[in-house]
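> Pasting in a structure now, in structure tokens, and then I'll have a few things to ask.
Just so you know, all these numbers are worked out from the coordinates, no wet-lab data involved. Note that the structure is predicted; figures quoted are calculated from it, not measured. All Cβ positions, glycine included, derive from the backbone under ideal geometry; neighbour counts span all protein chains shown.
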Amino acid sequence: MAKIIGEALKNIPWQEPVTDAPIWRYDQNPVIARNPVDNVTRIFNSAVVPFEGKFVGVFRGETNTGVPYLYYGESKDGINFSFDKKPIDFYTNGEKYKFVYAYDPRVVKIDDVYYIIWCDGKDGFPSIGLGKTKDFKYFELVSHPFLPFNRNGVLFPRKIDGKYVLLSRPSDSGHTKFGDIFLSKSPDLIYWGEHSLVMRCGYEWWQSLKIGSGSAPIETDEGWLLFYHGANMTCNGYVYSLGAAILDKNDVSKVRYRCTNFLLTPETPYETTGFVSNVIFPCSALCDAETGRIAIYYGGADTVVGLAFTEVNRVIDYIKKYAR
Ligand code: BMA
């Protein structure tokens, strides 16, 4: 029986499965609908974490100008959220950072600090932005780890051999037609090196065009469980599905098992129809080490937020069963 190595989260949002599928959707999806707050037309690819007995998150809010920024939101149950009316301000050397745009945030807790990693439009180029907060009130910009173009930055939730480890996906300035997952290490979150390839996009058609990390890797006794997105090209444009892999416990640049099947692909109306149809884009996962429960937040069709559930043993068995 696979086990999550981590903390208990007794109030994790949860719904029992009524299917044999490795991951099942919350039957009240979407959990965040259109026009969730003044001047924000859509909230979708977003990251939720437990905080002080409740749930908080950094949300991708597409404003009515069409430009995305990061919004703070909170919830008692991880399902019903309220949002600040203004985007989050980040400070650097006491000055407010001037955003061009910001999207696809992830939030990862390391020790008592919450790190926010997002695609930042620094100087107009998509790059990885890295910030931090301890209280979700004051946010500090830490660095831009890499040269443009890069997206889908996800930190491991603890230092490994004394270093921070960041997954990322080098890309281009537009709707990138390629993409593989790489890993970089840093002693201080400022200087990054020891870059190595983790996974390339795959033969399987659902992940044949590009892949990018989703939620922070979950530590288990079998290795690091990574949910990611895989995209393929169709006559109607890109289709984004959710996939999973297990990275080696000791050498996280090595893939132990990678599932050849997608675990979720756009099927429901809120995934197949929206601003960008046929998109499932995971950015965060809550987990309860006591029960093995996992709750995944994902963007649906670049329009809404959906919630899906799995259980560590069930998902790892499935990954292994269909692994290459
Ligand atoms: C990717 C990112 C995501 C988005 C996806 C589908 O390139 O921009 O934010 O969800 O495209 O449009």
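> For the stretch 193-226, how many residues are among the hydroxyl-bearing types (Ser, Thr, Tyr) and either within 16 Å of the ligand (Cβ to nearest atom) or touching a residue at least 60 places away in the same chain (Cβ under 8 Å) (or both)? Lay out the reasoning, then the answer.
Looking only at the stretch 193-226, we keep the residues that are among the hydroxyl-bearing types (Ser, Thr, Tyr), and these are 196, 203, 208, 213, 215, 220.
Right, trim to either within 16 Å of the ligand (Cβ to nearest atom) or touching a residue at least 60 places away in the same chain (Cβ under 8 Å) (or both) and you get 208, 213, 215, 220.
Qualifying residue count for the region: 4.
> Mind counting the residues in the stretch 5-62 that are aromatic (Phe, Trp, Tyr) and under 19 Å from Phe156 (Cα atoms)?
Qualifying residue count for the region: 1.
Conditions tested, residue by residue: (1) more than 16 Å from the ligand (Cβ to nearest atom); (2) touching a Leu at 6+ places or on another chain (Cβ under 7 Å); (3) closer than 26 Å to Pro68 by Cβ.
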{"site": "Phe262", "(1), (2), (3)": "no, yes, yes"}
{"site": "Pro266", "(1), (2), (3)": "no, no, yes"}
{"site": "Ala295", "(1), (2), (3)": "yes, yes, yes"}
{"site": "Leu307", "(1), (2), (3)": "yes, no, yes"}
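> On to the next question. Could you please give the count of residues in the stretch 57-110 that are crowded, with 21+ Cβ neighbours inside 10 Å, under 18 Å from the mean Cα position of the chain (by Cα) and of a type in the set (Val, Ile, Thr)?
So the answer is 3.
> Related question: Assess whether Phe227 counts as being over 14 Å from the mean Cα position of the chain (by Cα) and closer than 22 Å to Phe59 by Cβ.
Details: over 14 Å from the mean Cα position of the chain (by Cα): no; closer than 22 Å to Phe59 by Cβ: yes.
No.
> If Leu189 satisfies all but one of (1) in contact with a Phe, Trp or Tyr (Cβ under 6 Å, 6 or more places away or on another chain); (2) on the phi < 0 side of the Ramachandran plot; (3) surrounded by fewer than 20 Cβ atoms within 10 Å (Cβ to Cβ), what's the number of the condition it fails?
Unmet condition: (2).
> Picking from Ile296, Ile280, which residue would you name as being on the phi < 0 side of the Ramachandran plot, without any contact (Cβ under 8 Å) to a residue 60 or more places away in the chain and in contact with a Pro (Cβ under 7 Å, 6 or more places away or on another chain)? Spell out the reasoning first.
Working: Ile296 fails: without any contact (Cβ under 8 Å) to a residue 60 or more places away in the chain.
Of the residues listed, the single one that is on the phi < 0 side of the Ramachandran plot, without any contact (Cβ under 8 Å) to a residue 60 or more places away in the chain and in contact with a Pro (Cβ under 7 Å, 6 or more places away or on another chain) is Ile280.
> Moving to a separate point now. Out of all the residues in the stretch 107-116, is one or more of a type in the set (Ser, Thr, Tyr) and within 14 Å of the ligand (Cβ to nearest atom)? Even if it seems obvious, please write down each step before you answer.
In the first step, residues of the stretch 107-116 are kept if they are of a type in the set (Ser, Thr, Tyr); the result is 114-115.
Retained after the next criterion (residues that are within 14 Å of the ligand (Cβ to nearest atom)): none.
Scanning the stretch 107-116, I find no residue that is of a type in the set (Ser, Thr, Tyr) and within 14 Å of the ligand (Cβ to nearest atom), so the answer is no.
> Can you tell me how many residues in the stretch 155-192 are farther than 16 Å from Lys132 by Cα and either touching a residue at least 40 places away in the same chain (Cβ under 8 Å) or within 14 Å of the ligand (Cβ to nearest atom) (or both)?
The qualifying residues number 17.
> Can you find, within the stretch 199-224, the residue that is nearest to Pro170 (Cα to Cα) among those that are charged (D, E, K, R) and more than 17 Å from the chain's Cα centre (by Cα)?
Taking the stretch 199-224 first, the residues charged (D, E, K, R) are 200, 204, 210, 219, 221-222.
Now narrow it down to the ones that are more than 17 Å from the chain's Cα centre (by Cα): 200, 204, 221-222.
Values: Arg200: 12, Glu204: 21, Asp221: 30, Glu222: 28 Å.
By that ranking, first place goes to Arg200.
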